[in-house]
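**Student:** Questions regarding the structure given below will be posed in turn.
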Amino acid sequence: MTHDPDASEAQLYADLPEPLVLPPSELLANHEPNVLAPLVRCSKLPFRHLTSLYETHITHTPMILAEEFSRAQVARVSDFSTSTSERGVYWMTPCDSSNSSSSSRKGKEVIRLTHPDDDPKSDSNSNLTHQRGSDDLITYHNGIYGDRLPPTPTRPNPHAELVRGNLIAQFASPTAKSLVDAAELISPYVDGIDLNCGCPQRWAYNEGIGCALLRKPELVRDMVRQVRDRMGWGWSVSIKIRIDPDQKQTETLIRNALQAGISYLSIHGRTRHQPSTDPVNLEGIKFAVKIVNGEVPCTGNGDIWTYDDVLTMREKTGVKGVMAARGLLANPALFASYSSTPSHAVSQFISLSTSYGLIFPLFHRHLAYMLESDFSRNEKVWFNCLSSSSAAIDWLEGRGLDWKSKRGTVWDARQGRGVMTAL
Ligand SMILES: Cc1cc2nc3c(=O)[nH]c(=O)nc-3n(C[C@H](O)[C@H](O)[C@H](O)COP(=O)(O)O)c2cc1C
């Protein structure tokens with residue numbers, strides 16, 4: 001790397017090694033990543049890309065209904081879109097540097113889980129938004145932001161490795177067949193699939209999906225196993241559960257899932273009947289981690305609002321990954337240890353949403369989540385009355401937000417305080 005103080009960005013980043021592309025279980029086991037939870041309507045492409053700029057290493061799509069997805073092209077187009085650059089690239093320090101991914105891989109082939117269209121020779125700076133034809137599966141944006149770069153050009157410590165983030169598609173399904181079909185269809189575009197066993201809504205329960213699976217351990221086992229059989233053992237299959245007031249039920253579910261070969265387990269520390277206003281039960285998560293007994297890595301979820309909460313979750317439960325939902329909606333830079341949404345994250349969100357496209361109600365809702373704590377009562381009323389994306393942008397520009405000049409660079413993430421810079 002050049003030491004010239006006047007070096008351009010291109011020169012500074014010229015000698016970076018190729019990032020490691022690790023399967024999610026390995027990323028979790030070795031690097032203690034931060035995770036964006038699946039969020040119906042909210043964890044769509046622009047928001048996933050935004051959080052990935054701020055030390056969110058694994059992102060999830062919203063829950064997708066597997067039956068619709070596997071049956072109808074129209075569902076595939078409306079439920080899922082991705083891009084060549086939504087997954088970030090990070091300097092990550094392995095928890096145990098003697099077991100770093102690069103050292104344990106010496107002499108072995110590095111697993112590459114890239115999209116078939118990812119051709120390094122292609123023009124990654126082209127600003128084309130590429131909508132695949134009617135025979136194709138999904139909306140695939142090509143090269144809007146070019147290659148992703150890590151927040152700093154220099155290795156923050158001698159053990160840090162350059163690692164690419166993961167994207168997981170979450171499905172809800174009442175049967176193994178639709179889950180397997182959906183997994184196969186989406187597989188070229190993601191690093192794995194997750195089965196929703198936690199949606200508490202009545203309609204979902206009545207359809208036999210979400211929480212309805214919490215007490216159907218044999219069905220969950222069958223579903224995971226069939227995905228494994230179709231997709232192979234290198235493919236990531238995880239489940240996201242809620243804890244059960246009857247710990248025996250949690251234990252049986254986990255044992256069945258392990259037997260079927262889950263790659264990792266995500267645990268939301270609330271029961272089916274607990275609202276999210278109830279505090280997360282860290283003891284419940286710890287119990288689930290104990291049952292897993294190190295067979296696969298776990299991710300803990302619930303009430304992550306600050307970076308201190310991230311540390312507490314790891315320390316008190318033994319999980320490797322920490323998953324946030326409402327905390328990231330309120331502050332997408334939470335994992336980069338910002339205490340509230342920085343203005344550059346708002347700028348990036350506007351830039352990403354206008355480039356990828358996001359319907360106004362969602363655009364408006366995200367901005368409200370991010371800015372609510374800054375607004376006075378009057379400002380809230382004004383903001384809620386705005387009825388188009390351009391009106392919302394004008395209003396924010398009137399409050400001094402300059403979003404256009406920062407478009408399409410990695411400047412924002414570099415301002416985040418590095419979370420894993422030291423051993
Ligand atoms: C708007 C919203 C949408 C959600 N959608 C999903 C979903 O699609 N799949 C899922 O497993 N959980 C979903 N959840 C639950 C979250 O993933 C998470 O488990 C829950 O909010 C607890 O985390 P938190 O305390 O950090 O918010 C959703 C939660 C919210 C607030």
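The values are calculated or read from the model by the stated rules, or taken from the named source; none is laboratory data. Since the structure is predicted, the reported quantities are computational estimates derived from the model, not experimental observations. Note: ideal-geometry Cβ built from the backbone for every residue, glycine included; neighbour counts use all protein chains shown.
**Student:** I need every pair where a residue in the stretch 224-248 that is without any contact (Cβ under 8 Å) to a residue 40 or more places away in the chain has its Cβ under 6 Å from the Cβ of a residue that is polar (S, T, N, Q), sequence separation at least 6 or different chains.
**Tutor:** Pairs that qualify, where the first residue is without any contact (Cβ under 8 Å) to a residue 40 or more places away in the chain and the partner is polar (S, T, N, Q), are Asp244/Thr250; Pro245/Thr271.
**Student:** Being in contact with a Lys or Arg (Cβ under 9 Å, 6 or more places away or on another chain) and within 16 Å of the ligand (Cβ to nearest atom) is the filter here, so list the residues in the stretch 149-181 that pass it.
**Tutor:** Result: Leu167, Gln170.
**Student:** Here's another thing I want to ask about it. I want to confirm something. Restricting to the stretch 340-352 and keeping residues that are among the small types (Gly, Ala, Ser) and under 20 Å from Ala37 (Cβ atoms), which single residue is nearest to the ligand (Cβ to nearest atom)?
**Tutor:** So, considering only residues that are among the small types (Gly, Ala, Ser) and under 20 Å from Ala37 (Cβ atoms), the one nearest to the ligand (Cβ to nearest atom) is Ser340.
**Student:** Which one of these does Arg41 not meet: (1) buried (at least 17 other Cβ atoms within 10 Å of the Cβ); (2) within 16 Å of the ligand (Cβ to nearest atom)?
**Tutor:** (1)
**Student:** Here is a follow-up. Quick check on the stretch 357-365. Is at least one of its residues buried (at least 22 other Cβ atoms within 10 Å of the Cβ), free of Cβ contacts under 8 Å to residues at least 60 places away in the same chain and more than 13 Å from the ligand (Cβ to nearest atom)? Give the steps one after another, and end with the answer.
**Tutor:** Pass one, the stretch 357-365, residues buried (at least 22 other Cβ atoms within 10 Å of the Cβ): none.
For the stretch 357-365, residues buried (at least 22 other Cβ atoms within 10 Å of the Cβ), free of Cβ contacts under 8 Å to residues at least 60 places away in the same chain and more than 13 Å from the ligand (Cβ to nearest atom): absent.
**Student:** Tell me the residue from Tyr205, Tyr189 that is within 16 Å of the ligand (Cβ to nearest atom), of a type in the set (Phe, Trp, Tyr) and either in contact (Cβ under 8 Å) with a residue 24 or more places away in the chain or assigned by TED's automatic domain parsing to the domain that holds Pro94 (or both), please.
**Tutor:** Values: Tyr189 fails: within 16 Å of the ligand (Cβ to nearest atom).
Answer to the selection: Tyr205.
**Student:** Which of the numbered conditions does Val224 fail, given that it passes all the others? Conditions: (1) within 14 Å of the ligand (Cβ to nearest atom); (2) of a type in the set (A, V, I, L, M, F, W, C); (3) in contact with a strand residue (DSSP E or B) (Cβ under 6 Å, 6 or more places away or on another chain).
**Tutor:** With respect to (1) within 14 Å of the ligand (Cβ to nearest atom); (2) of a type in the set (A, V, I, L, M, F, W, C); (3) in contact with a strand residue (DSSP E or B) (Cβ under 6 Å, 6 or more places away or on another chain), Val224 is out only on (1).
**Student:** Now, a different point. For the stretch 293-332, how many residues are more than 12 Å from the ligand (Cβ to nearest atom) and either closer than 17 Å to Pro24 by Cα or not assigned by TED's automatic domain parsing to the domain that holds Thr271 (or both)? Lay out the reasoning, then the answer.
**Tutor:** Taking the stretch 293-332 as the starting set, the residues that turn out to be more than 12 Å from the ligand (Cβ to nearest atom) are 293-298, 307-308, 311-312, 314-321, 332.
Keeping just the survivors that are either closer than 17 Å to Pro24 by Cα or not assigned by TED's automatic domain parsing to the domain that holds Thr271 (or both) gives 294-298, 319-321.
Within the stretch 293-332, residues that are more than 12 Å from the ligand (Cβ to nearest atom) and either closer than 17 Å to Pro24 by Cα or not assigned by TED's automatic domain parsing to the domain that holds Thr271 (or both) number 8.
**Student:** Is it fair to say Phe349 is touching a residue at least 40 places away in the same chain (Cβ under 8 Å), part of a helix (DSSP H, G or I) and within 21 Å of Glu86 (Cα to Cα)? Walk me through how you get there before you give the answer.
**Tutor:** Values: touching a residue at least 40 places away in the same chain (Cβ under 8 Å): yes; part of a helix (DSSP H, G or I): yes; within 21 Å of Glu86 (Cα to Cα): yes.
Against the criterion (touching a residue at least 40 places away in the same chain (Cβ under 8 Å), part of a helix (DSSP H, G or I) and within 21 Å of Glu86 (Cα to Cα)), Phe349 qualifies.
**Student:** Can you tell me which residue in the stretch 225-251 is farthest from Thr175 (Cα to Cα), limited to those that are of a type in the set (Val, Ile, Thr) and not in a helix (DSSP H, G or I)? Break it down stepwise before answering.
**Tutor:** Within the stretch 225-251, the subset of a type in the set (Val, Ile, Thr) is 227, 237, 239, 241, 243, 250.
Now narrow it down to the ones that are not in a helix (DSSP H, G or I): 237, 239, 241, 243.
Values: Val237: 15, Ile239: 14, Ile241: 17, Ile243: 22 Å.
Among those that are of a type in the set (Val, Ile, Thr) and not in a helix (DSSP H, G or I), it is Ile243.
**Student:** Would you list the helices (runs of 4 or more DSSP H) that sit entirely within the stretch 55-133 and hold 2 or more residues that are at pLDDT below 90, among the polar types (S, T, N, Q) and over 26 Å from Pro38 (Cβ atoms)?
**Tutor:** Values: elements: 66-71, 73-79, 101-104.
Counting at least 2 such residues, we get 101-104.
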